[in-house]
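Q: Attaching a single structure in structure tokens format; questions to follow.
The values are calculated or read from the model by the stated rules, or taken from the named source; none is laboratory data. Note that the coordinates shown come from a computational prediction; the quantities given were computed from them, not determined experimentally. Here the Cβ positions follow ideal geometry from the backbone for every residue, glycine too, while neighbour counts run over all protein chains shown. Calculation scope for accessible area: heavy atoms of the full protein, side chains included, ligands and nucleic acids excluded. Shrake-Rupley method; radii C 1.70, N 1.55, O 1.52, S 1.80 Å.
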Amino acid sequence: MSILSRRGFGALLLGASALSGLALAALPGATFAAGYPERTATVIVPFPPGGASDITGRQLAAKLSELLGQQFIIDNRAGANGSVGAGALKQAKPDGYTLLVGSIGVYAINPALFKDLRYDPLKDFDLLTVAVRTPNVLVANPNFPANNVQELIAHLKKNPDKVSFASSGTGSSDHLTAALFLQKTGTSGVHVPYKGGGPAITDLIGGHADVSFQNLGAIAGHVKAGKLKALAVTADKRNPALPDSVPTMAEAGVKEVEVYSWQAAAAPKGLPADVKAKLEGAMIQALNAPEVKAKFNDIGFDVVANSSKDFEKFLVDEIGRWKTVIETGKIQPD
């Protein structure tokens, strides 16, 4: 599960439309990178099929294939919170034929979580674009006694280190969102990591876990069906995919817990400038295609499609933000 701060994201969204117009000049028909791509390209997804990175990668790859006239195929290389696939990208030839679509964990969390990480996203990757984002939602089992955020905080203070916070794994966006929430509210709970968001949600519905911060798209249907209750969304505004009564975290009285999980694209460091420009432009066009945007919106994702320069500025802020959370919480990898 993928995370964007309000401060960093406002500028990205405001500039996306204008930047896309410039980037589209790099599409087929431009005089540079005329021969690229001349063969099939590989898009590494550093997680198993079916997750947010995989969905994003497949949507993007399909549209790139259409726009650029060559196949972009998915290669799922899971392991170590995305580090296996990211390491493979670092070792690939920087010619535009090996790309990566991965989550916030790959780009912003792993550098702070793993001391022996074998790649540095700022030094080893040519960043291309943040593709999509989605907020997390604080959800609870319907039988859990707290029905809103303030009741949860009161319950946590009365029962320190007893309430279980399910997550899709150590270092995931839902894990770190919970850690941030506990830090901001001065409370404590028990982190219970699962091997993916699906098992965590299943146990939450079954009453084997109490609460969790999960991606909007993963829990909206369960909330509507009454299988989970939503206490707050970590976005800057309420979301139409949830009941009108579900407030933002800020509205619920907890500031600075605005969190988005996000997916982004990169290539090995050293792409030829014309190839990088062509890829960036094609990705922005692909993500903004009405049918692609509609598919993402249907599953709770907002399209970002920002420039490579804005991606780099944003990533520096994100790494700093989550490094602070990890150090404050003394979070260690499994």
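Q: So for the range 157-166 (the condition being open to solvent by 10 Å² or more (accessible area, probe 1.4 Å), at pLDDT 95 or above and in a strand (DSSP E or B)), does at least one residue qualify?
A: Yes, the range 157-166 contains at least one residue that is open to solvent by 10 Å² or more (accessible area, probe 1.4 Å), at pLDDT 95 or above and in a strand (DSSP E or B).
Q: Pro37 is checked against (1) part of a helix (DSSP H, G or I); (2) at negative phi; (3) open to solvent by less than 20 Å² (accessible area, probe 1.4 Å) and fails just one. What number does that condition carry?
A: Against the list (1) part of a helix (DSSP H, G or I); (2) at negative phi; (3) open to solvent by less than 20 Å² (accessible area, probe 1.4 Å), Pro37 comes up short only on (1).
Q: For Leu176, which of the numbered conditions (1) of a type in the set (A, V, I, L, M); (2) more than 30 Å from Val304 (Cα to Cα); (3) in a helix (DSSP H, G or I); (4) open to solvent by less than 10 Å² (accessible area, probe 1.4 Å) fails to hold?
A: Going through the list (1) of a type in the set (A, V, I, L, M); (2) more than 30 Å from Val304 (Cα to Cα); (3) in a helix (DSSP H, G or I); (4) open to solvent by less than 10 Å² (accessible area, probe 1.4 Å), Leu176 breaks only (2).
Q: Ok, one more. With the condition being at pLDDT below 95 and within 30 Å of Arg58 (Cα to Cα), I'd like the strands (runs of 3 or more DSSP E) fully within the range 179-291 carrying at least 1 qualifying residues.
A: 190-193, 211-215, 260-268
Q: From the set of residues in the range 52-65 that are open to solvent by 30 Å² or more (accessible area, probe 1.4 Å) and out of contact with any helix residue (DSSP H, G or I) (no Cβ under 7 Å at 6 or more places or on another chain), which is modelled with the lowest pLDDT?
A: The selected residue is Ile55.
Q: Name the single residue, out of those in the range 253-289 being among the basic types (Lys, Arg) and farther than 30 Å from Phe181 by Cβ, that is surrounded by the most Cβ atoms within 10 Å (Cβ to Cβ).
A: So, considering only residues that are among the basic types (Lys, Arg) and farther than 30 Å from Phe181 by Cβ, the one surrounded by the most Cβ atoms within 10 Å (Cβ to Cβ) is Lys278.
Q: Name the residues in the range 202-250 that are among the acidic types (Asp, Glu), open to solvent by 50 Å² or more (accessible area, probe 1.4 Å) and within 22 Å of Leu176 (Cα to Cα), would you?
A: Asp236 - this is the single residue of the range 202-250 that is among the acidic types (Asp, Glu), open to solvent by 50 Å² or more (accessible area, probe 1.4 Å) and within 22 Å of Leu176 (Cα to Cα).
Q: Right, something else. Here is a list: Val254, Val304, Val259. Which entry is among the aliphatic types (A, V, I, L, M), farther than 28 Å from Gln91 by Cβ and touching a strand residue (DSSP E or B) at 6+ places or on another chain (Cβ under 6 Å)?
A: One residue alone meets the criteria, Val259.
Okay, residues lined up against (1) open to solvent by less than 10 Å² (accessible area, probe 1.4 Å); (2) over 21 Å from Gln214 (Cα atoms):
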| site | (1), (2) |
| --- | --- |
| Phe114 | no, yes |
| Pro121 | yes, yes |
| Ala131 | yes, no |
| Val139 | yes, no |
